[in-house]
Number of protein chains: 2
Amino acid sequence: MRKIDLTSFIVATNDTVRSINRRIILDLIRTRQPVSRADLARLSGLQRSTISLITEQLLTEKWITQGALGHLPRGRKPRFLHLNVESTRIVGVNVRPTNTTIALANLNAQFIAHESFPTNADADVFIEDLTRRLQAFIKLYPDVYFEGIGVSMPGRVDSVSKKLVFAPNLGWGDVDLQTPLERATGLLVEIENAANACALAEIWFDRRSDGIQDLIAVTVSEGIGTGIISNGQLMRGARGVAGEFGHVSINETGPLCKCGNRGCWEVYASNTAAINDYVNVTSGAGSKRQNKQFECDKPSFDDILHLSEQGDAKAVETIERMGHYLGIGLAMLTSGMAPSMIVLIGEVTRAWKKIEPIIKNVLDTRLQKPALLTRIVPAEDNLQPRLRGSVALILQKHFGAPLTA
Amino acid sequence: MRKIDLTSFIVATNDTVRSINRRIILDLIRTRQPVSRADLARLSGLQRSTISLITEQLLTEKWITQGALGHLPRGRKPRFLHLNVESTRIVGVNVRPTNTTIALANLNAQFIAHESFPTNADADVFIEDLTRRLQAFIKLYPDVYFEGIGVSMPGRVDSVSKKLVFAPNLGWGDVDLQTPLERATGLLVEIENAANACALAEIWFDRRSDGIQDLIAVTVSEGIGTGIISNGQLMRGARGVAGEFGHVSINETGPLCKCGNRGCWEVYASNTAAINDYVNVTSGAGSKRQNKQFECDKPSFDDILHLSEQGDAKAVETIERMGHYLGIGLAMLTSGMAPSMIVLIGEVTRAWKKIEPIIKNVLDTRLQKPALLTRIVPAEDNLQPRLRGSVALILQKHFGAPLTA
DNA sequence: TAAAATTTGTTTGAGGTGCGAATTATATGT
DNA sequence: ACATATAATTCGCACCTCAAACAAATTTTA
């Protein structure tokens, strides 16, 4: 049950009914395809006559197509319906501190084309770069209809002003990306934080989230971000800045974080933390020795992963320590929000076999039994959750529950 | 935008439209009364003809009443409509470890009658006690219509099995309260965690939450509980166990909590923590002295509040320490979820003037500017937020947004 | 081979809902 | 008395889902 927001509600009209049922049918086709009209009637509880009308509408609007006939032991054979995944395209943009990717996706968030370019450190220059490249990108496909452009950003986006706020990894001020992009392309543009985008990607495109309405995505890279989905909706909080669990302190007197707080979770469990740990901290046997050779020439997180796979004791210790602190933070999320699933995203999932038992151990010793209903799973990093999330941003406009009341 | 849960969705029919608009109108009357039909048309954007039909329905169902005529400089005078707060009653039940209260409320969550009795330590005996008392209580009012019974509990309630889970302060196992109460009274019964109930009370009955859809209630008593409202909805998580931020560790190597974890927030910032602190820890000048006289005869938290009001140095120090640790936890909630408002509930709010600057200071030094959009306010303890929350549990069935899609 | 049975999908009329224009009701000012 | 203004209702229309009847397609059975 939701409280009606009397400062911004939406009354129902006759087409509200159709809008609701249409989206249910469309989503049923998306996930259950191939599926017949009779199946849809059984799955939805709507009358077959209603299904006929709705599917007719969806067919004329090219959202779905008719396929082959099905086989049944008796009676008239059903005509299968399919989601018309190629009828329209969505542009996904993934902005990261060093690189930005533009990709063309179908409705299944499968990518047809990619392109990458360095992210300019200056916000204004970057915006000019991006708009030019997007315009050129779109021109390459004169015959396709674009549903919109989804952008995932390493920062929080104010849901009111649409401006970027709190993006320490970019160092940009209050930047408005949406307006210039919409103006330049004439398309719907949605900007969202990367962790939020990943959470959307998981709930919209990952079969493991079937039947789940409460989910947290944890992105582990330079820092740690969290995207929270509660009751099937993104938790944005006041002005869209919810989800900074990476900057929650797990040690009041810990080292200073660049956010100004002390002992933030990401100071202990991010890739950056692991690199610092590998360089500075005691290794193997117990002797505290400084690694002068690494001090100026730090290894990358990939290096550490590689070394640990090869059995390097110090790298193994670093990964184990990282696993431990990931567990500490995940215990916080589990206690506090008890999602049905937490999805971990980042290079560290390549070491899942190593860190899973460590995380599990931390949670087992720190949590009550009921909290252990939360499944913790890794995301496949090569599926590009950030990009798929930016596709989900646009997709949900058509496949999500409409706003009512 | 919400993802449709394809395992349990609700299709729309024609009366879905009426249900949505009816609830909007009903809630507008509730909050804006006295209000005319023409006002409602302007406020809602619905046609005056539609408003007439809906209000007629609400009048015949006695949800609203017609009042006096309004005054206008020109034209026909409007007929004011009012919420019929006395037409129906809601029973609120507040179960606490030592005492249980039953109360009769009108639709404004104002209480007409109270009764209290000791909470039996044995769950089965308690249930028998409560059902008997509820039956007798209801019999006292043979002429009133009861909308239902809302129960707030010091524990988490599994939203699937409806059973109590995780109630360390009661020490009961998997108890099902709902079924026996519904059977005994024939009324709708809703059970909810106390912190969740408080959050509902704040969002439904506190004018400070007008226009707010993201709010956290923090109950500080023997332990610390949190009730989280995101997008106007209670965050229940998997099986209803979300909200145990009181058992999130703020110090990995801190003292053992009775939940099994170490250094939980409530080990530092609950009333119990303050009592232990007052008894055990160093006072004023710096000399560490044991208070033998208190060891067997601990003061109550009320005693400490009283002493600190009178200027007792040790009590003041205890309250200040408590304020500091409350701030630490509130910083976690603010970073992580960025609600528009956090409401603090508990005896400690009586010392609000003392602790507010301490809390504010902790947040200022630990949080980024955007997170500081969160207002932190105390709830009036004498308004009985737990009981009002149990009323809200039933109220929202009629005044909340209906489930669609 | 023809009729019965079964299942899919469409057509049709009834009932509900909001919209918008017209109408009725009630007030003030000139 | 009349114009003007505002409130509230009435009425025809368009849209929606429902339920039952109907049409289409296929297998089983006599």
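Read the figures in this text as sums done on the coordinates, not as results from a lab. As the structure is a computational prediction, the values presented were derived from the model and not from experiment. Virtual Cβ from ideal backbone geometry, glycine too; neighbours counted across all protein chains shown.
Shown in residue order for region A:239-246 are the 3J(HN,Hα) couplings computed by the Karplus curve 6.51 cos²θ - 1.76 cosθ + 1.60 at θ = phi - 60°: 6, x, 9, 5, x, 8, 5, x Hz (x for Gly and Pro).
Of all stretches in chain A that contain no GluC sites (Glu not before Pro) in a DSSP loop with at most 14 other Cβ atoms within 10 Å, the longest one is A:87-379.
The Cα-based radius of gyration of region B:211-378, divided by its Kirkwood radius, gives an Rg/Rh of 0.98. Take the Cα of B:K397, go 7 Å toward its beta carbon, and the backbone nitrogen atoms of region B:114-141 under 20 Å from that spot belong to B:130-141.
Once backbone amide H atoms are built at 1.01 Å from N, A:C264 has A:I250, A:C257 as its partners under 5 Å, excluding neighbours fewer than 5 places away on the same chain. Straight-distance candidates among the aspartates and glutamates for linking to A:K62, with alpha-carbon spacing under 18 Å and chain neighbours fewer than 8 residues away dropped: A:D27, A:E86, A:D143, A:E147. Taking the Cα centre of the protein assembly as shown as origin, work out the dipole magnitude from +1 charges on Lys and Arg Cβ and -1 charges on Asp and Glu Cβ, in debye rounded to 20. Charge dipole of the protein assembly as shown: 2180 debye, to the nearest 20. Positive-end ranking of A:P180, B:V175, A:L81 along the dipole of the protein assembly as shown, with charges on Cβ about the Cα centre, is headed by A:L81. Between B:D176 and B:L164, the built amide H atoms are under 5 Å apart, and every one of these is 5 or more places off in sequence or on another chain. Over the protein assembly as shown, the fraction of Cα-Cα pairs per 10 Å bin, rounded to whole percents and listed from the shortest bin up, is 2, 12, 20, 24, 21, 13, 6, 2, 0, 0. Counting Lys and Arg as +1 and Asp and Glu as -1 over every other residue whose Cβ lies under 13 Å from the Cβ of A:D122, the net charge comes to -3.
Ordering A:V144, B:V343 by the number of other Cβ atoms within 10 Å of each residue's own Cβ, fewest first, gives A:V144, B:V343. The angle between the Cα long axis of helix B:194-205 and the main principal axis of chain B comes to about 40°, on a 0 to 90 degree scale. Between A:E347 and B:E380, the simple label model (points 7 Å from Cα in the Cβ direction) yields a spacing of 5.7 nm.
Take the cross-link list B:K314/B:K353; A:K3/B:K139; A:K353/B:K163 and give me the ones stretching past 24 Å between alpha-carbons. Please list the in-between numbers first.
Working: B:K314/B:K353 18 Å; A:K3/B:K139 32 Å; A:K353/B:K163 36 Å.
With Cα atoms farther than 24 Å apart: A:K3/B:K139; A:K353/B:K163.
Between the helical axis of A:313-337 and the longest alpha-carbon principal axis of chain A there is an angle of about 50 degrees.
Considering only A:A38, A:T65, A:S49, and ranking their Cα positions along the charge dipole of region A:14-83 that arises from unit charges at the beta-carbon of Lys, Arg, Asp and Glu, the one farthest toward the positive end is A:A38.
Each of A:L72, A:L200 was scored by other Cβ atoms within 10 Å of its Cβ. Arranged with the fewest first, they read A:L72, A:L200.
Straight-distance candidates among the aspartates and glutamates for linking to A:K77, with alpha-carbon spacing under 17 Å and chain neighbours fewer than 8 residues away dropped: A:D39. Computed over chain A, the range of Cα coordinates on each principal axis works out to 78, 51, 46 Å, biggest value leading.
Here region B:165-209 and region B:29-59 have alpha carbon centers that stand 33 Å from each other. Distances between copies of B:P97, taken at a point 7 Å out from Cα along the Cα→Cβ vector and listed shortest first: 4.6 nm. Inter-copy label distances at B:A136, shortest first and taken from points set 7 Å along Cα to Cβ: 8.4 nm. The C-alpha atoms of region B:14-83 occupy a region whose extents along the principal axes are 39, 23, 19 Å, arranged from largest to smallest. Charge dipole of region B:14-83 (Cα centre as origin; +1 on each Lys and Arg Cβ, -1 on each Asp and Glu Cβ, all else neutral): 280 debye, rounded to the nearest 20. Ascending distances from the B:V377 label point to its copies in the other chains, with the point 7 Å along the Cα-to-beta-carbon line: 4.2 nm. Straight-line cross-link reach from B:K360 at under 21 Å between alpha-carbon atoms covers these lysines, not counting any fewer than eight positions away in the same chain: A:K258, B:K369.
For region A:1-141, the Kirkwood hydrodynamic radius from C-alpha pairs, put into Stokes-Einstein at 10 °C and a viscosity of 1.306 mPa s, yields a diffusion coefficient of 85 µm² per second. When A:R350, A:R207, B:R2, A:R236 are sorted by how many other C-beta atoms sit within 10 angstrom of their C-beta, beginning with the fewest, the order is A:R207, A:R350, B:R2, A:R236. For region B:51-135, the list of trypsin sites (Lys or Arg not before Pro) that fall in a loop by DSSP and count at most 15 other C-beta atoms within 10 angstrom reads B:K62, B:R74, B:R76.
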